[in-house]
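Trainee: Could you have a look at this structure, given as structure tokens, before my questions?
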Amino acid sequence: MKRLIIRPGALGDFIVSIPAMECLRAAYLEVWTAPPNVPLAARFANHARAISSTGLDLLELTGPGARLLETLRGFDSIVSWYGAGRPEFRQAVAALGLPFHFLAALPPAVCGARGAHAADFYLEQARSIAPCPSAGIPRIACDAIRGGFAVIHPFAGSPKKRWPLERFQELAARLADRMPVEWCAGPEDDLPGARRFDDLFDLACWLGTARIYIGNDSGPTHLAAAVGTPVVALFGPSDPAVWAPRGPHVAIAAAPMLDSITVERVASLVDGGI
């Protein structure tokens, strides 16, 4: 069996999909994903590529881009979160007889009630294709030895998901009496002196050496949990029942308005995790 998985989305979406993708393992597994996620996909796939490098975004299935069609026809199974919301794409691949199986990109909300955790939702989708005993706990294996420092990542994709920076700074000042504090940021985040990594697997392994990690609802927070580091995650508008990071030691501070979460509350969760 030669299988292709197409998983677009940001880092957090990719990580909560890892149990599903591992469930879909085949004799040969290839993963197409967002460019930053390629180093992570390469840890469990035979080959990983950026979706942007394939021509798929341009729907180049015929004509000058027919090499893409030839590539797709080389797979026995194509499991795709990509295109689930694009009827024209689904119609195009169906007309060509390609072996696509489309999966819903977002967990459904049922009558306003909390749904399943995203990792469980994606895993159940995968089990409809390839039954497996996997648990819905994302794991990224790194040869990391736990150290004695804290990591703070104060950013998130949306401003509504960011606890005030000055509160992170107050928390860091409290922690500094007990352990070194490292700040972590993405390539475009404005935080002088913060640690930055071009390769997400390198970031994962560095996070794996931390004594504890504190951050918002963001991809690096999921990454820290996936390598087994104790995590304190702050959640505002997102539902942690669906989107919280999963790991052996994860504590959540949640409130509809993030600025209502006090430093004292977060500090108590940190104390419980170290």
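Trainee: Compare the peptides 6-12, 254-260, 219-225 by average per-residue count of other Cβ atoms within 10 angstrom and give them in order, highest first. Before the final figure, lay out each step's value.
Mentor: Numbers: 6-12: 20.3, 254-260: 13.0, 219-225: 28.3.
Put in order of decreasing packing, that is 219-225, 6-12, 254-260.
Trainee: Quick one: 3J(HN,Hα) in Hz for the stretch 80-93, Karplus 6.51/-1.76/1.60 with θ = phi - 60°, rounded, Gly and Pro as x.
Mentor: 9, 7, 6, x, 4, x, 10, x, 5, 5, 4, 5, 5, 6
Trainee: Under a point spin-label approximation (7 Å from Cα along Cα-to-Cβ), what is the Ile274-Asp189 distance to one decimal in nm?
Mentor: 1.8 nm
Trainee: Can you list residues whose amide H is under 5 Å from Ile5's amide H, if they're 5+ apart or on another chain and H is modeled 1.01 Å from N?
Mentor: Here Glu30, Val31, Trp32, Val79 satisfy the definition.
Trainee: Let me ask something additional. What value in Å³ per residue do you get for the convex hull of the alpha-carbon atoms in the stretch 146-221?
Mentor: Details: hull volume 6.3 nm³, N = 76.
So the per-residue Cα hull volume is 83 Å³.
Trainee: Turning to a different aspect of this structure: Highest mean first, how do 130-141, 238-249 rank when packing is the count of other Cβ atoms within 10 Å averaged over residues? The partial results should precede the final answer.
Mentor: On the way: 130-141: 15.5, 238-249: 18.5.
The packing order, highest mean first, is 238-249, 130-141.
Trainee: What's the local net charge at Val93, with K and R +1, D and E -1, over the other residues with C-beta under 12 Å away? Present the calculation step by step, with values, prior to reporting the outcome.
Mentor: On the way: positive: Arg73, Arg86, Arg90; negative: Glu88.
So the surrounding residues net to +2.
Trainee: Hey, what do the phi angles of the stretch 3-10 turn into as Karplus ³J(HN,Hα) couplings, whole Hz, using 6.51/-1.76/1.60 and θ = phi - 60°, x for Gly and Pro?
Mentor: 10, 10, 10, 10, 10, x, x, 6
Trainee: Between Ala254 and residues 5 or more places away or on another chain, which pairs have amide H atoms under 5 Å apart, with H built 1.01 Å from N, and which residues are they?
Mentor: Residues meeting the amide H criterion: Phe235.
Trainee: Same structure, new question: Can you give me the C-alpha center-to-center distance between the stretch 1-33 and the stretch 146-176, rounded to a whole angstrom?
Mentor: So the two Cα centres are separated by 30 Å.
Trainee: Next question, about the same structure. Output the antiparallel fraction of DSSP beta bridges having both residues in the stretch 2-127, as a percent to the nearest 5. Don't jump to the answer; show the numbers that get you there.
Mentor: Working: 1 of 18 bridges.
Close to 5 percent.
Trainee: Given the convex hull of the Cα atoms of the chain, what is a quarter of its surface area in nm²? Walk me through the numbers on the way to the answer.
Mentor: Working: hull surface 61.8 nm².
Mean orientational projected area (the chain, Cα hull): 15.4 nm².
Trainee: Report relative contact order for the chain in percent, whole number only (criteria: Cα-Cα under 8 Å, sequence separation at least 6). Please report the intermediate quantities before stating the final value.
Mentor: Working: 530 pairs, mean separation 49.2, N = 274.
Reported relative contact order: 18 percent.
Trainee: Given 0.36 nm per residue, what is the gain on full extension from Ala50 to Asp202 after removing their alpha carbon distance, in nm? Display every interim value, and only then the final one.
Mentor: Values: separation 152, 0.36 × 152 = 54.72 nm, distance 1.79 nm.
That works out to 52.9 nm of additional length.
Trainee: Stretched out fully, how many nm does the piece from Asp76 to Ala92 gain, at 0.36 nm a residue minus the Cα gap? Intermediate values should be presented prior to the final figure.
Mentor: Values: separation 16, 0.36 × 16 = 5.76 nm, distance 1.77 nm.
Extending this stretch completely gives an extra 4.0 nm.
Trainee: For Ile145 and Asp239, what does the FRET efficiency come to when R0 = 45 Å and r is the distance between their Cβ atoms, rounded to the nearest 0.05? Don't skip to the answer; put the middle values down first.
Mentor: Details: r = 35 Å, r/R0 = 0.77.
Computed FRET efficiency for Ile145 and Asp239: 0.85.
A short reminder: the numbers here are calculations on the coordinates, not readings from a lab. Quick caveat, the model's predicted, so the values are computed rather than measured. For neighbour counting, all protein chains shown are included, and Cβ atoms are generated from backbone atoms with ideal geometry for every residue, glycine included.
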